[in-house]
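Remarks on the structure that follows.
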Amino acid sequence: MRNLKLLKSLRSSELQGPGSPQCFSVRADTGSLLIASQYSITEYDPRAGQVVSEASLTADSFLPEDGSGVVVGLQDLAELESACLATASGDVVLFNLNTCQLECVGSVDSGLTSMSWSPDEELVILTTGQETIIMMTKDFEPITEVGIHQDDFGEGKFITVGWGKKETQFHGSEGKQAAQKKIQEVQPAVAWDDRRPRVTWRGDGQLFAVSAICPQTGARKVRVWNREGVLQATSEPVNGLEQALCWKPSGSLIASTQRHPNKHSVVFMEKNGLLHGDFTLPFSKDQTKVKKLLWNSDSTVLAVWLEDMTAGEDGQVNSYIQLWTVGNYHWYLKQSLDFGRDPQKAPVCVCWDPERPLQLHVVSHSWTSITYDWGWTTERSPGLDATDNANVAVIDGEKILVTAFRQCVVPPPMCSFELQLKSPVNQVTFLCRPERTNQLAAFTADGRISVYSQDSGEQADKTADAFKIVSHPLVLQKTFRLAALQDDPLALRQLLWLEDELFVGVSSGLLPTSSTLLMLRPVQDAADTLAVRSTVEVDGVVVSMVHCSQTGTVALQLEDGQIRKLLWDHPDPSVEDWRDSSSCSINFPVSCVQTALCSISGEEHLLGLTDRSHLYAGDTELASNVCSFAVCNDFLLITTHSHTCRCLRLSMLTVKGLQAALASDGGQNDETLRRVERGSRIVTVVPRDTRVILQMPRGNLETIHHRALVLAQLRAWLDSLRFRDSFECMRKLRINLNLIYDHNPKIFLENLQTFITQLNSINHINLFLTELKEEDTTSSMYLRPDSSPVQHQPASGQKKVDVVCDALRNAMESMDPNKFCLCILTAHVKKTVPELEIALQKVHELRENPPEAPGAVSAEEALKYLLFLVNVNDLYEHSLGTYDFDLVLMVAEKSQKDPKEYLPFLNMLKSLEPNYQRYTIDKHLKRYKKALLHLSKCGEEHFHEALQLVKEQKLYSEALKLYPADSAHYKALSCAYAEHLVEQQQAEQAGLLLWRCGEPVRALQAFAGSSSWRNAICVAQQIPLPPDQLALLARDLAEKLTEQRRYADAALLLDQYAKDCEEAILALITGAVWEEALRLIYMHNRQDITETNLKPALLEAVGTQTLFLEAQVATFSRHRTRLAVVREQKEKARLDMLDEDGPDCPDAELYSEASSVMTGSKYSQSNSRISSRSSKNRRKAERKKLSLKEGSPMEDKALMYALGEIITTVDKMREEVHNLLKALVLFQFDKQAVKLQLAYEDALQMMEAAVPEVWPEGLQNSQAPLTGPNSTANSIMASFQQQQRPAASQQDAEVPTPPKMRNGIKWKLAVLK
């Protein structure tokens, strides 16, 4: 749905040569024109208006001096830096562009009728006066010469399989009479045909076609030849085939023209000579003749050069050039150039530029050259509010095809309505006024502007056949005639309709490098005439002009990318440089083919898209793979060559932010990005809506609802409390309905009645309730825009689903509980813990008291709806849990259950005592706590059953609360609970229960088993036990305590209850409790034990402690030394790798302090299996990784853990050493005491000094930048980059924290100093 828009035109009339131009060619490298006349060949630069080189063709007798000579072909040869020229007399001449010398490289006696070079300039085809084809190389070496007219069809001759005669075949819609139809004789060529052959090459240079007059029939016939000069195919007889011939560069079709009895058409042939499609020219059958057909280089535009066949009253004929494009198999006339009847202005040579696909060169009889540059554009209405119909206008000759995309999406070539004009349309522009952007103006080839607007009168919404009118067509309001314009076609371009009676256009300036802006207003005396009221000269060629309807800004772009601002609303219009907020001049780096104004972070910018897919905002490149873009409201939408559509909100982004957003790939829930079909282009965006219209390469349309537009529209609607519009949109586009609440919980809860009233549908409210989830969609699925405030959930402590269900239920109950009965049931059922009992009770109430209100829901309907929401078995069980058998029967009857299944069970329940009945129901429903409660009320006979239930379901604590503490039931339950606790290895608690319920013997066993000796002694004395049994009990308990290394408790039992002081003293000596042992020795007057046991034990303890300290110090020193070596190796390996591979080396992190890899290690670390292990096994695996074996992957961490454990162990010896020193001093073992104190002090000091070395201060922050004398530039760069990376892998062991030493504890003795 694109149109061709003239970007610029360059008219140069400085060249005045002898004669008239006959052939011309374009130099691709310089852009200059090579023009040959009957006298000379000239190279002319139209930009500079100067002749570059020139040579006479008559001086060397290549052409006669009387001007009767004819040049039949001219081709620029870039590789040879020459131009090849062929004359009708038979000469082939090379014109050297550097020396301006002419050289005849060959001659044909019979003369030449045409010359055509292959696209790769390797071959040249010459057609001679003898109707032959000469094929030569680029060095003019003959390859072959064959006759044009061949009797054979060619190598591609069709194969007949011999299935009977033509008379017996099926002829389709033509009927049987087709078999008797005689083949019509082909009519000879028309009289005006110059009867010269036409040669055209396929784009790849493998085939060429020749159109020539057949000597037998006098009609034209097309033959296709290959690169070796072998005939491939001959066209079928085509009546009325004309001389124009051009092969589409893409290679699919050969274009020619055909004159039918009732029309004049452009027809297409395949390479096998068969016709394949056509389109009709907008002229009567004998009105015009086609002089030439020209495909542009990318095969998108077909130029048709026509001329009237009959002269006018002044004896002159009119000349035209039409540009046609195709889409969805329909041919559109996009541009029509009418050169008038002046023979001096009529074109004599027309060709497309070989490098720029949309640049057309025209040379007239008067040597005037005009270069036209077109660009593709989509003419869309510029409105930003809901009154804009999102109109898109497509030019098709004398018609404008308008589609109103707000009302309907009509695929081209169809449309919403057509506007018929009297002359071909060249430009369309929409009015740039708010709320009137649907009006358009059309600039036609006859120099008139037709204005169309919406009909102000009332129109019926339905036609006579009852079809609804979706979009009303525009109505012609006025036609303006332009005064004082140049006579050249397309003299006015870039037309803008700024106000009702103000048009702005661009025309060529006084200089080739300047432009003139024309401000057109109606003439007061002649309202149908537009006159130039003011002009603005622009130093540069204006190639685009855009208007912003919000700000009124008009921006101009010059051909070199410079940007200007037109101050059109001033009394004296002028042009100034485009500047940013800091008053710096802003320009595009290169020229852009599409531009648009937008506001980014409150500052106005001009966006531009180049023909190389680069998108710019002023001088900043935003993206480099953009194929189309559009600005609508506050959004920028682009489609990319990676088949995505991005939608970005401009008010929330800076230019840098926009650049970064377009460079990112987008996350999982990125609402700005979506995939589209390959080659999609944006046609338009419906303002204040969610629709984006895309056109595919083949021409069909697709409508997408971009998620970013949808969410923005939804947020706006929710803010303005338009709940119904939001709900309908979300339902249609499958947006999670939780967004209605999550967007602003406070506002939603405050406007629940508005929400219910707007939806006004039971089904819609139920749908909303059933989709409720605890998830906050604004933080997971539909992230909030950065600028919007975060709406926190209500801090009531309740869950979101419960809050919404309760609030909606309360609101509906207060409004109309009968109408919203089903919704109220849904609110009960959808809560986090479904309130099925309440819902069933409401249904039961409906059954008992049916509402009389009209339209109220019956109990059956409500129950049927509940069964739809809840599984029937669950509902049946919940109804059973209400103990209401009427309700149970009501649910059971609506379910698919067999009455034989539930009736016997219900009858059995009805026969039971109420409490036992409820117990049976609760036990059936596995509600054991309730079952126990009801069973406890059933009396003495059911206590055994209750006790069994308690044991099975372990409901001991609940059961104890149901019986009095002084009852037998309570005692039985306590005993059962105690047995359970003993089984759970909690004998002490079991003893407490047994003791308090009056079972001291069993309590004593429990306390004895748990080594709770104090409770055991108390119970034993309460029983009471005889002294000998008490002593025996004390000895048993002391033995268990000794095994548990509780020597002080064991000594107490032995001394006080077993009355064995010697055993008590020996236990204390064994446990190194020296002071308590001395107390008992002196209390019981057993000083003999001091010599026999205490002193030897002291000396043995000194030796043991000394050896243990020496071993710990030796191990500590060894680990400390090894740790320093390991760290040095790792640091060296990391720096070496950084220097070799640079800072971006992905393996550099492997050698950081937090890493687990060491150079030269024979161990490899693989965590692929560990990731799937359980947490227990994972911890075990982590411990296994910390191996102290040299070369292990994580040796440094293992060493640090080992050193920390040694320090902790030695530090814990302070109290033990202190007590030992005091005992040694007491018994005058000063020498041993001094030695132990010094050894322990040295060990503590050495370990305390090693802590900063083992755990350096920067170790915990391993991501700190690495600097220092040993660092290189690469290593410093890597360390800084590492700060930006995520933390080290969780699989690496954490760095252990340094142990804390208890220096505040006083352990040394001053007497030993």
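The values are calculated or read from the model by the stated rules, or taken from the named source; none is laboratory data. As the structure is a prediction and not an experimental result, all values here were calculated from the model. Here the Cβ positions follow ideal geometry from the backbone for every residue, glycine too, while neighbour counts run over all protein chains shown. Ligands, DNA and RNA are stripped out before the accessible areas are found, and what is left, the full protein with its side chains, is counted by its heavy atoms. Shrake-Rupley method; radii C 1.70, N 1.55, O 1.52, S 1.80 Å.
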Residue 342-residue 864 pseudo-label distance in nm [points 7 Å out on the Cα-to-Cβ vector]: 8.6
What's the magnitude of the charge dipole for region 568-700 around its Cα centre, counting Lys and Arg as +1 and Asp and Glu as -1 at the beta-carbon? Answer in Debye, nearest 20. 820
Listed residue (904, 936, 917) projecting farthest to the positive dipole end of region 889-1043, Cβ model: 904
Starting from the Cα-Cα distance between residue 308 and residue 1018, subtract it from 0.36 nm times their residue separation and give me the gain in nm to one decimal. 242.4 nm
Considering only DSSP states other than H, G, I, E and B, which trypsin sites (Lys or Arg not before Pro) in region 280-360 qualify as loop sites with at most 16 other Cβ atoms within 10 Å? 285
Length-normalised contact order of region 268-406, Cα under 8 Å, at least 6 apart, in percent, tallies to 14
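Please give the FRET efficiency for residue 579 paired with residue 534, using the beta carbon to beta carbon distance and R0 = 25 Å, rounded to the nearest 0.05.
Details: r = 24 Å, r/R0 = 0.94.
According to the calculation, E is roughly 0.60.
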Of the heavy-atom accessible surface of the chain (probe 1.4 angstrom), what whole percent is carbon and sulfur? 49
Under a plain spin-label model, where a point goes 7 Å from the Cα along Cα-to-Cβ, how far apart in nm are residue 625 and residue 1308? 7.3
Length-normalised contact order for the chain - Cα pairs under 8 Å, 6+ apart - percent: 4
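At 0.36 nm per residue, minus the direct Cα-Cα distance, what do residue 1226 and residue 1212 gain on full extension? Give it in nm, one decimal, please.
On the way: separation 14, 0.36 × 14 = 5.04 nm, distance 2.34 nm.
Result: 2.7 nm gained on full extension.
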Taking only C-alpha pairs under 8 Å that are 6+ residues apart, what is the relative contact order of region 566-618 in percent? 24
Over the chain, with neighbouring protein chains present, the accessible area per residue in Å² at probe 1.4 Å is 48
Under the helix-only model (-39500 (n - 2.57) for each DSSP H run of 4 or more, divided by the residues of the chain), the mean residue ellipticity at 222 nm, to 500 deg cm²/dmol, is -9500 deg cm²/dmol
Order of exposure, largest accessible area first, which applies to 1135, 1099 with probe 1.4 Å: 1099, 1135
Quick one: of 1040/1222; 1095/1235; 1040/1306, which pairs are farther than 23 Å apart, Cα to Cα? 1040/1222; 1040/1306
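Under a 1.4 angstrom probe, counting protein chains only, how are 376, 305 ranked by accessible area, largest first?
The ranking, largest first, comes out as 376, 305.
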Compute the distance in nm between two label points, each set 7 Å from the Cα along the Cα-to-Cβ direction, one at residue 641 and one at residue 703. 3.2
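Please list 379, 435 from largest to smallest accessible area, probe radius 1.4 Å, with all protein chains kept in place.
Listed by decreasing accessible area, they come as 435, 379.
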Quick one: putting +1 on the C-beta of Lys and Arg, -1 on the C-beta of Asp and Glu, what dipole do you get for region 32-133 around its Cα centre, in Debye to the nearest 20? 220
Answer label, with Rg and Dmax of the Cα atoms in Å calculated from the coordinates and candidates (i) 31.4, 108; (ii) 50.4, 159; (iii) 38.5, 131: (ii)
DSSP loop (so not H, G, I, E, B), at most 14 other Cβ within 10 Å: list which GluC sites (Glu not before Pro) in region 920-985 pass both filters. none
Lysines within cross-link reach of residue 399: Cα-Cα under 21 Å, excluding same-chain residues under 8 positions apart? 5, 263, 285, 334, 422, 478
Which value, in Å² rounded to 10, gives the accessible area of residue 1211 with a 1.4 Å probe and all protein chains present? 10
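Looking at region 1-60, which trypsin sites (Lys or Arg not before Pro) are DSSP coil and have at most 14 other C-beta atoms within 10 Å of their C-beta?
Answer in residue order: 47.
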Computed accessible area, residue 1206, all protein chains, 1.4 angstrom probe, square angstrom: 10
Where in region 543-563 does the label zone of residue 612 land, with the point 7 angstrom along Cα→C-beta and an amide N cut-off under 19 Å? 558-563
Between the Cα axis of helix 943-953 and the main Cα principal axis of the chain, the angle (0 to 90°, nearest 10) is 50
Round to the nearest 0.05 the FRET efficiency obtained for residue 979 and residue 1079 when R0 = 51 Å and r is the Cβ-Cβ distance. 0.75
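Apply 1/(1 + (r/R0)^6) to the Cβ-Cβ distance of residue 732 and residue 810, taking R0 = 35 Å, and write down the FRET efficiency to the nearest 0.05. Walk me through the numbers on the way to the answer.
Details: r = 30 Å, r/R0 = 0.85.
Step by step, r from the Cβ atoms, then E = 0.75.
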Using Cα positions and a limit of under 24 Å, work out the lysines in reach of residue 929, with same-chain residues fewer than 8 apart set aside. 831, 910, 937, 951, 954, 961, 971
Need the full-extension length gain, residue 70 to residue 1125, defined as separation in residues times 0.36 nm minus the C-alpha distance. One decimal, nm. 370.3 nm
